[in-house]
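Following: one structure in structure tokens, then a few remarks.
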Amino acid sequence: MTDRTSAENLLELLRTYMKSGGVEDFRQESAMILETVLSCTYTKIRAGLADDPSPQQIETAFQMATNRLAGAPIAHVLGIAHFYGRVFKINPGTLVPRHETEILVDTALNLLRQDLWSKPRVLDIYTGCGNILLTIAAETTIEYGLGIDRDAAAIDIAGQNLSAFKLGGIDFRTGEVSEELERLDRSFHLVTANPPYIPTGEIPELQKEISEHEKWSALDGGVDGLMQYRMLAEKARNAILPNGYFITEIGMGQQDRITRIFRDWDEIDFIDDLNGIPRVLKAKP
């Protein structure tokens with residue numbers, strides 16, 4: 001390495017390093033790392049307009065690349081994830097928001113935009129970094145939103161995202177979902193959920209960046225993946241007003257079994273993803 005390392009030269013060094021380590025999208029991910037470290041756009045870097053990185057920035061960039069080579073998801077490496085056109089802070093203990101979860105948000109927004117309720121109140125359980133609730137609150141008007149997660153670290157990140165978005169009428173709190181649902185006393189028009197739904201035995205078979213770096217408690221749905229749905233079918237209605245809805249993401253191939261689990265609910269409907277796979281359950285208590 002020469003005495004002077006430009007941002008553009010550092011980008012090429014990162015690309016070479018990540019390519020040699022087997023990162024498939026080494027070009028894009030190298031750019032993402034350098035944009036984060038330098039707080040600078042890729043366009044500016046490629047145009048030679050970015051300031052030369054400091055030794056500390058060079059070290060940080062290569063440490064981030066090393067973490068990625070070790071299998072950490074790029075979102076964990078960067079400390080941010082993109083969801084519904086917005087950027088959310090995350091940490092290594094927070095489930096990385098997935099693109100398919102945007103279908104759940106679409107479903108929620110479609111209901112809220114029907115003006116079914118004059119002052120909508122929304123509860124988001126298993127809230128993680130808060131991406132579902134905060135997106136809903138940013139996209140439409142609600143009177144109040146509450147996000148609940150058992151993981152205090154996730155709630156801390158959700159609070160940071162709330163501060164960054166500067167949204168009012170939103171609270172996040174730590175608590176066991178089953179216990180919280182028992183005492184919420186039918187006070188919400190809409191309850192959203194993205195529970196753990198992967199069967200325990202299948203988690204080790206997932207991609208390394210998920211099985212070894214995502215928090216298992218955010219993935220593990222029990223032996224058949226349906227443990228949380230059984231609890232929700234019994235208790236989620238405790239939080240929902242009589243004219244309200246419950247919507248939740250589900251796993252691939254779970255539609256028939258979840259239909260049976262929610263057989264005592266009304267207006268059971270499933271929303272498909274872009275591949276025609278049922279991805280979201282919508283139901284009334």
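Observations on the structure shown:
- Multiplying the residue separation of residue 41 and residue 231 by 0.36 nm and subtracting their alpha-carbon distance yields 63.8 nm.
- Estimated vicinal HN-Hα couplings, Hz - region 192-204 in sequence order (Karplus 6.51, -1.76, 1.60; Gly, Pro = x): 10, 8, 9, x, x, 9, 8, x, 3, x, 8, 4, x
- Looking at region 95-284 alone, DSSP beta bridges between its own residues are antiparallel in about 30 percent of cases.
- Using the Cβ of residue 233 as centre and a radius below 10 Å, the other residues enclosed give a net charge of +3, where K and R count +1 and D and E count -1.
- Annotation: amide H-H contacts under 5 Å for residue 279 (H modelled 1.01 Å from N, sequence separation of 5 or more, or interchain): 271, 272, 273.
- Region 158-249: relative contact order in percent, alpha carbon pairs under 8 Å with at least 6 residues between: 41
- For the residue pairs 19/44; 89/215; 119/215; 166/284; 166/235; 89/235, the C-alpha atoms sit more than 25 angstrom apart in 119/215; 166/284; 166/235; 89/235.
- Oblate is the label for region 137-285. Its Cα gyration tensor axes, ordered a ≥ b ≥ c, give a/c of at least 1.5 and b/c at or above a/b.
- For a straight C-alpha distance cut-off of 19 angstrom, the aspartates and glutamates reachable from residue 208 (same-chain residues fewer than eight places away being disregarded) are 24, 25, 29, 220.
- For residue 80, the residues 5 or more places off, or on other chains, whose built amide H falls under 5 Å of its own are 90.
- Sequentially through region 116-133, phi angles give Karplus couplings (6.51, -1.76, 1.60; θ = phi - 60°) of 6, 10, 6, 9, x, 10, 10, 10, 10, 9, 6, 6, x, 7, x, 4, 5, 5 Hz, Gly and Pro residues having no value and appearing as x.
- Since only 210, 170, 117 are under comparison, the one whose Cα sits farthest along the positive direction of the charge dipole of region 95-284, derived from C-beta charges on Lys, Arg, Asp and Glu, is 117.
- Calculated FRET value between residue 106 and residue 60, using beta carbons and R₀ = 30 Å, to 0.05: 0.25
- Cα centroid separation - region 43-70 against region 165-208, whole Å: 36
- 5 angstrom amide H check on residue 123, placed H, neighbours 5+ away: 146, 190, 191, 192
- Length gained on full extension, residue 174 to residue 49, computed as 0.36 nm times the residue gap minus the Cα-Cα distance: 40.5 nm.
- 3J(HN,Hα) from dihedral phi, region 90-96, Karplus parametrisation 6.51/-1.76/1.60, rounded to Hz, x for glycine, proline: 9, 9, x, x, 9, 4, 6
- Cα gyration tensor shape of region 89-149, rounded if a/c is under 1.5, else prolate or oblate by comparing a/b with b/c: prolate
- Measuring between their Cα centroids, region 235-285 and region 77-132 lie 17 Å from each other.
- Of (1) 1.64; (2) 1.03; (3) 0.94, the label for Rg/Rh (Cα atoms, Kirkwood Rh) derived from the coordinates: (2)
- Global form of region 215-285, assessed from the alpha-carbon gyration tensor, a/c cut-off 1.5: oblate
No value in this document is a laboratory result; all are computed from the given coordinates. In this text the structure is predicted, and so the values were computed from the model without any measurement. Cβ sites come from the backbone with ideal geometry, for glycine too, and all protein chains shown count toward neighbours.
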